[in-house]
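Encoded as structure tokens, the structure appears first; notes follow it.
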There are 2 protein chains.
Amino acid sequence: MKTVNDLQTPALLIDGAALDHNLATMAAALPGARLRPHVKAHKCTALARRQAEHGHRTFTCATIREIEGMAAAGLGDDLLLANEVVDATRLGKVKARVTVAVDSDATIAAAAAAGVREVLIDVNIGLPRCGCMPDDAGRLADLARGKNLSVRGVMGYEGHVVGLDDRATRERLCAESMELLLAAHRQVGGEVISAGGTGTYDCNRWATEIQAGSYVLMDTAYGKLALPFRRGLSVLATVISVSPAYAVADCGLKSLGMDHGNPSMDEAMVLFCSDEHITFVPEQPVRVGDRVRVWPAHIDPTIAYHERMHVVSGDELLETWAVDLRGW
Amino acid sequence: MKTVNDLQTPALLIDGAALDHNLATMAAALPGARLRPHVKAHKCTALARRQAEHGHRTFTCATIREIEGMAAAGLGDDLLLANEVVDATRLGKVKARVTVAVDSDATIAAAAAAGVREVLIDVNIGLPRCGCMPDDAGRLADLARGKNLSVRGVMGYEGHVVGLDDRATRERLCAESMELLLAAHRQVGGEVISAGGTGTYDCNRWATEIQAGSYVLMDTAYGKLALPFRRGLSVLATVISVSPAYAVADCGLKSLGMDHGNPSMDEAMVLFCSDEHITFVPEQPVRVGDRVRVWPAHIDPTIAYHERMHVVSGDELLETWAVDLRGW
């Protein structure tokens, strides 16, 4: 039996039982195309295949390379690039059904010029990021149709809402955001209203499909929201130095996304991270050579640092998956 | 002539003139083996070769893969792994001169078992990270010599000092740290006293060699210290969406190390980053398709996200280098 002790550290571990639980829980709540899983969270076609086995055959991507990799892996039934691109040349060459988000004359022109056939009108519903003003959506849809693009509907992302701790506030602000998207949809038409994320998967009742990604492995940021998903991703590290007051293990800023702050450890207080180190105060003494697990605060930029992930059951090593959708 | 407009974004750009200036400035201040450049900052053998051309043939590494890659690139005259390892098997197989830091019985045993021949005693001089207590250094040196390891001397890192804005404070605390290292060195012996970083390269007068890395490309964190090095690394991004109050470009948390906070932009205020986006308020109007340059707050974890870096002169593309020392 291979175990985690056979792995070089730092190494990304997926808790196989948590993964199974999360996949099953989401598939029950949002079966089939009601969920359009966002692959940016995990950047892994092997994990996307597990989502497909649970009935989700439509996927959301954030980069052109994610689209290309998903198509090459045979997971290209219906891929949405939920992001604007100014040069869509590579998208136009992908052998799969590709829909791209557009929010301006320029991005519509780019899609048309590259031979992309289908678009969603991306609408700003409160997060200061991409998306047209809601009252401009109808004009953009007409413009796109005038260029022989098929307008499948609208998308919007209530990203300013998905991470709010208080469920009532989350529900109220989600509803307000979706009013904007539904108003835009009335101008645009089409069968798709794509929105949502892990934090609003069960309160966004207006979207025809939810773009959740983090649910599948979770992180400490989403862990505060009392969602029915379990944390499933840790970084395995080796204790390399022990002092009377603290210990040091070999994972750091290059194996952890840090925008949400420090990672967490069970039975230890994390002091700080540097490039290849985490300094922590353990509750019980540790020794050089001990293995510890570190829980990232944000999984997306954590996974993007790693070449592979290992699926484990306790200490048993079940499978190793390539993080094959990295880069751009 | 190829230009930055031929690049897909996000893309890492090195300002060739700033790089040349930084290499020359450091080589004049710390010629030859007085500098042991830290490759963890750039993870790029092509850039290390430029450092070697400026007279520095001894290098510092943070990971085993960096050691392996430097040796494979023919840059293995004298490689220091300035980090503890519990399993040194791969190190023992490297065809190059390899010295490893040790700070405990266990890491000494690991070096000896793997056939590594040379070590430095790593001493804690104030940063709560690796390194033995100064008064334990002599015992560890004796232990290492008893296992037929050659003890070349000591190392320590005043990492709690290198980033302090005020030069007088930096000098005072550097001197205090080095007193601890020199006391340990009197117990250990050997010709090497390895310490320092970009922030103390010119005030650490006691080390025989300085382990600076960031000087070569700098970042906004080190930029506050009034050092004679110029910022040389930016992320090129494309404006993909423009609203009345802000604009959005296509670089984000997966192309920027975020532990030192948000990156900066000239002539724009950065609002926030998400996975593949930066939202900013430009001083002058920008249009979809415009290219912008984003200055990372911390270069080390920024570069570790990228497969390659492009050396430019203004908008002209001079060379493309692989970031070939990523991973572990």
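The values are calculated or read from the model by the stated rules, or taken from the named source; none is laboratory data. Values in this document were obtained by computation on a predicted structure and should not be read as measured data. Note that each Cβ is placed from the backbone with ideal geometry, even for glycine, and that neighbours are counted across all protein chains shown. In case anyone asks, the SASA skips ligands and DNA or RNA and just uses the protein heavy atoms, side chains included. Shrake-Rupley method; radii C 1.70, N 1.55, O 1.52, S 1.80 Å.
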>> Accessible area of the range A:109-204 with a 1.4 Å probe: how many percent of it is carbon plus sulfur?
In response: 49
> Between the range A:3-42 and the range A:183-199, what's the alpha-carbon centroid distance in Å?
Replying inline: 26
> Helix A:16-29: angle to the longest alpha-carbon principal axis of chain A, degrees 0 to 90, nearest 10?
Replying inline: 30
> Got the A:R90 label distances to the other copies yet, label 7 Å along Cα→Cβ, in nm, shortest first?
Replying inline: 2.7
> Tell me, what ³J(HN,Hα) does each residue in the range B:32-45 have, in order and in whole Hz, if you take phi through Karplus 6.51 cos²θ - 1.76 cosθ + 1.60 with θ = phi - 60° and put x for Gly and Pro?
Replying inline: x, 6, 5, 10, 10, x, 8, 7, 4, 4, 10, 6, 9, 5
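With a 1.4 Å probe and all protein chains left in place, how much accessible area per residue does the range A:184-324 have, in Å²?
Ligands and nucleic acids excluded, the result is 35 Å² per residue.
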>> Antiparallel versus total DSSP beta bridges in chain B: what percent is that, nearest 5?
In response: 50
> If you draw the axis that swings chain A onto chain B, which residue of A has its Cβ closest to it, and how far is that in whole Å?
Replying inline: A:M258, 3
> Which parts of the range B:110-153, residue by residue, lose 50 Å² or more of accessible area when the rest of the protein chains are there, as against the chain isolated (1.4 Å probe)?
Replying inline: B:P128, B:R129
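Let me know the mean shielding of B:234-246 by other chains, meaning the per-residue number of their Cβ atoms within 10 Å of its Cβ.
That works out to 4 on average.
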> Counting alpha carbon pairs within less than 8 Å and at least 6 residues apart, what relative contact order, in whole percent, applies to the range B:126-259?
Replying inline: 19
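Given the -39500 (n - 2.57) contribution per DSSP H run of 4+ residues, what per-residue ellipticity at 222 nm results for chain A, rounded to the nearest 500 deg cm²/dmol? Don't jump to the answer; show the numbers that get you there.
On the way: 9 runs with 87 residues, N = 328.
It comes out at -7500 deg cm²/dmol, rounded to the nearest 500.
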>> Just to confirm the numbers: A:D290, label point 7 angstrom along the Cα-Cβ line, distances to the other copies in nm, shortest first?
In response: 5.4
> Just the projected area, averaged over all directions, of the convex hull on the alpha carbon atoms of the protein assembly as shown: how many nm²?
Replying inline: 27.9
> What average count of beta carbons from other chains do you get within 10 Å of the Cβ of residues in B:6-13?
Replying inline: 2
> R0 = 25 Å: FRET efficiency of A:A72 with B:R308, Cβ-based, nearest 0.05?
Replying inline: 0.75
>> Angle check, please: helix A:167-188 long axis (alpha carbons) against the longest principal axis of chain A (alpha carbons), in degrees 0 to 90, nearest 10.
In response: 30
>> Quick check of the Kirkwood formula: for the range B:206-312, what is the inverse mean of 1/r over all pairs of different Cα atoms, in Å?
In response: 14.6
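I need to check one value: relative contact order of chain B, counting alpha carbon pairs closer than 8 Å and at least 6 residues apart, in percent.
21
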> Buried accessible area for the A:B pair, summed, 1.4 Å probe, in Å² rounded to 100?
Replying inline: 4300
> Shortest first and in nm to one decimal, what separations exist between B:L271 and its copies in the other chains, measuring from label points 7 Å along the Cα-to-beta-carbon line?
Replying inline: 3.9
>> Only bridges whose two residues both fall in the protein assembly as shown count here: according to DSSP, what percent of them are antiparallel, nearest 5?
In response: 50
